[in-house]
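Colleague: Let me begin by handing over the structure; questions about it come next.
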Amino acid sequence: MRNVRIAAMSVALAPALSLTAPAQSYALDDGKPGVYQSLGGPFPTFADESGIMQAFSVPGGGSDRIESISIAFSPFWYFDAGSTQTIDGADVRVAVWSDPNGDKNPSDAVLLGVSGGHVAQNTGSGQFVTYTLPTPVSVTGSFFIGATLEATFGPLSTATGAIDESQGYQWDSWYFSNDAGPIDVVQLSQNSQPPTNVLLTGRYLLRANDGDYGVPIGSNLCLAFPNSDGVRGELTATGNLDSSVGPWRVVLTATYVPRQSFGVFIASKAVSSPVTPPGSVGRLCLSGSMLLITESLQSTDSRMMIHDVDLMNVDGVGAGVPGVDAVLAGETWYFQGWHRDLDPTPTSNFTSVLEVAFQ
C-alpha cells in the first residue's frame, strides 16, 4: 500500500475533476437506530395495520429503477416492550409510490409497485431486512418508499420501526395506519390515519435499492463533527459481501455533506482515536497506511457523494497497481469521506467511518 500523509492529500480536495455517479444509493439514515417508534405513529394505536414511508429524489431529476426495499424493525411490539413477544412471522408489505407534483408530500402519492412477505426470525434490534419487488419499479424525480406491518398480538400491538434521530426534524419521513382492516396503499388518504409526520423526529431506517447497488452493508464508527449545515456527515454503503451470490461490491455513499462541496474518500485497514488534522475541524479516525481512493468528487444538491470502490485495486489513484491493493478474504477495511466546508472560513470536515469485513 502507498502511505499517504494527510498533509499531502489536501490537493485532492481542489475542484480539478468533478465526477457524477451514474446511479443512486437511497439511504438517509446513519445505519444506527437511536430509538424505536410505532409504525403507526409516536403512540400506540388501535390499528389493524400500520406503516411508514420516506421520500427520496433521483439526482438531477433523472430516472432510476427500484428493485428492493430494506427496513430495520424493532425486536419487540410497542405495547409490550419488556416481554418475549416478537414480530417474527408478521405479515409485511413494501411499496413504491411516485410524487406527481414533486413536493415530497404523499397526500397525492401514486402507487407504482407493491410486494408482500413476512418478518423472518430474529430480525429485530435494528437489523436490516430486504424485500425484493416482483418487478423493478421505474421512478423519476422524487418518489416514496414504504413498509406496512400487520398487528397480530392485540389491539395495542402496533409494531415498532427503527428510527435515526441524529438529524432532528426533516419532514421527509411519514407514518400512517388503518384501524378498519388492511392499509389502503392505493389511496393513502382513505386510511383512518393518513400519512403524517407530526411529532416525528428523525428518519426511519428505510432504504431503497436500485439493483446496481445491492443491499446495505457495513457498520458505522467514529461520530462525525457537525458541518456548516449543522449536521454530521455519515458514510453508508450498499453492495454485496456474500461470495455465494456474486462478486464482492462496496458502493460508498456520503450523506449530509454540504451541497456542491468537493471531497474524496479515503481507506485504511486500521482505525484509532479521533484526531483533528491541521486546517480541518473534522475528526479523522483512520490510521496506519491511508489510501486516497478517489479523485475529487462534488456532492449533489441532495448532499451526497457516491463511489463504487474497485476492490481489486482499492488504491485506484496514482501509484496503485491492479491486484496489489486487492481486498482479500478475512480482511476488515475502514472508509471515511473527507470534504471541504465553511466554518465560517474555508476548512475541511470528515464523515463517520464505515467498517466493512470481507469473509
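Colleague: State whether the residues of the stretch 236-244 include one that is outside any strand (DSSP E or B), touching a residue at least 12 places away in the same chain (Cβ under 8 Å) and more than 20 Å from T332 (Cβ to Cβ).
Modeller: Checking the stretch 236-244: not a single residue is outside any strand (DSSP E or B), touching a residue at least 12 places away in the same chain (Cβ under 8 Å) and more than 20 Å from T332 (Cβ to Cβ).
Colleague: Another question about this same structure. Report, by residue number, each residue of the stretch 283-303 that is in contact with a Ser or Thr (Cβ under 6 Å, 6 or more places away or on another chain) and part of a loop (DSSP other than H, G, I, E, B).
Modeller: Scanning the stretch 283-303 gives G288, M290, S299, S302.
Colleague: Starting from residues that are touching a helix residue (DSSP H, G or I) at 6+ places or on another chain (Cβ under 7 Å) and touching a residue at least 40 places away in the same chain (Cβ under 8 Å), keep the ones in the stretch 164-200 and report whichever is surrounded by the fewest Cβ atoms within 10 Å (Cβ to Cβ).
Modeller: S189
Colleague: Here's another thing I want to ask about it. Scan the stretch 226-236 and give yes if some residue there is open to solvent by 40 Å² or more (accessible area, probe 1.4 Å) and more than 22 Å from Q170 (Cβ to Cβ), otherwise no.
Modeller: Checked against the condition, which is being open to solvent by 40 Å² or more (accessible area, probe 1.4 Å) and more than 22 Å from Q170 (Cβ to Cβ), the stretch 226-236 yields no hits at all.
Colleague: Right, something else. When you look at V271, is it open to solvent by 20 Å² or more (accessible area, probe 1.4 Å), part of a loop (DSSP other than H, G, I, E, B) and touching a residue at least 24 places away in the same chain (Cβ under 8 Å), yes or no?
Modeller: no
Colleague: Collect the residues in the stretch 342-359 that are more than 10 Å from G282 (Cα to Cα) and open to solvent by 10 Å² or more (accessible area, probe 1.4 Å), keeping them in residue-number order.
Modeller: If the condition is that a residue be more than 10 Å from G282 (Cα to Cα) and open to solvent by 10 Å² or more (accessible area, probe 1.4 Å), then L342, D343, P344, T345, P346, E355, A357, Q359 are the ones that fit.
Colleague: Could you please find all residues in the stretch 208-255 being among the basic types (K, R) and farther than 26 Å from I145 by Cβ?
Modeller: none
Colleague: Can you pull out every residue in the stretch 273-298 that is of a type in the set (A, V, I, L, M) and over 22 Å from P344 (Cα atoms)?
Modeller: Result: L286, M290, L291, L292, I293.
Colleague: Still on this structure, I have one more. Could you say which residue among G117, G89 is part of a strand (DSSP E or B), surrounded by fewer than 18 Cβ atoms within 10 Å (Cβ to Cβ) and modelled with pLDDT under 85?
Modeller: Result of the check over G117, G89: G117.
Colleague: Would you say V314 is part of a loop (DSSP other than H, G, I, E, B) and at pLDDT 85 or above?
Modeller: no
The values are calculated or read from the model by the stated rules, or taken from the named source; none is laboratory data. Since the model is a prediction, treat every value here as computed from it, not as a measurement. Cβ: placed from backbone, ideal geometry, glycine included. Neighbour counts: every protein chain shown. When the accessible area is computed, the model is the full protein with side chains, heavy atoms only, and any ligands, DNA or RNA have been set aside. Shrake-Rupley method; radii C 1.70, N 1.55, O 1.52, S 1.80 Å.
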